[in-house]
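*Asks:* Structure provided below as structure tokens; questions to follow.
Just so it is clear, none of the values below were taken in a lab; they were calculated from the coordinates. Since the model is a prediction, treat every value here as computed from it, not as a measurement. Positions of Cβ are generated from backbone atoms using ideal geometry, with glycine treated the same way; all protein chains shown enter the neighbour counts.
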């Protein structure tokens, strides 16, 4: 434990010894080295959050489209239109370059796939690709079997 001076502060001998070793400017150098790493970490966290948000938007749009397409006597065109409408209303710039397809849809299942790019933190760098799909059984009229 450092010796305390009568005024209750750490003695100045240790401070003089530290300065005598040529440590002037070391804090500036440490900040210059650590600041880019810290900024990279912050940008990575923000980019991850933007990707996750875009992924959730794509999943919600796919589910909306699949639910619309699974309704009794609905068409795949209605399913795709509903997914696109959802993206228009909610995505904004968070999910760009979107495509909506009904590939893989059969007479018993509706499959809607939404693909796009998440917003990028860095200008000029394209965002991460997001692809989500939803598969829902088609509603159909059945009769009771005895």
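*Asks:* Work out the FRET efficiency for residue 106 and residue 45 from their Cβ-Cβ distance, taking R0 = 30 Å, and round it to the nearest 0.05.
*Replies:* 0.15
*Asks:* Could you check the simple spin-label distance between residue 81 and residue 143, using points 7 Å along Cα→Cβ, in nm with one decimal?
*Replies:* Calculated label separation equals 3.3 nm.
*Asks:* Could you give the spread of the C-alpha atoms of region 25-137 along their three principal axes, from largest to smallest, in whole angstroms?
*Replies:* Sorted from largest, the Cα extents of region 25-137 read 75, 20, 17 Å.
*Asks:* Another one. What distance in nm lies between label points placed 7 Å from Cα along the C-beta direction at residue 56 and residue 120?
*Replies:* 2.4
*Asks:* Gap in Å between the Cα centre of region 101-140 and the Cα centre of region 31-80?
*Replies:* Using only Cα atoms to place each centre, the spacing works out to 10 Å.
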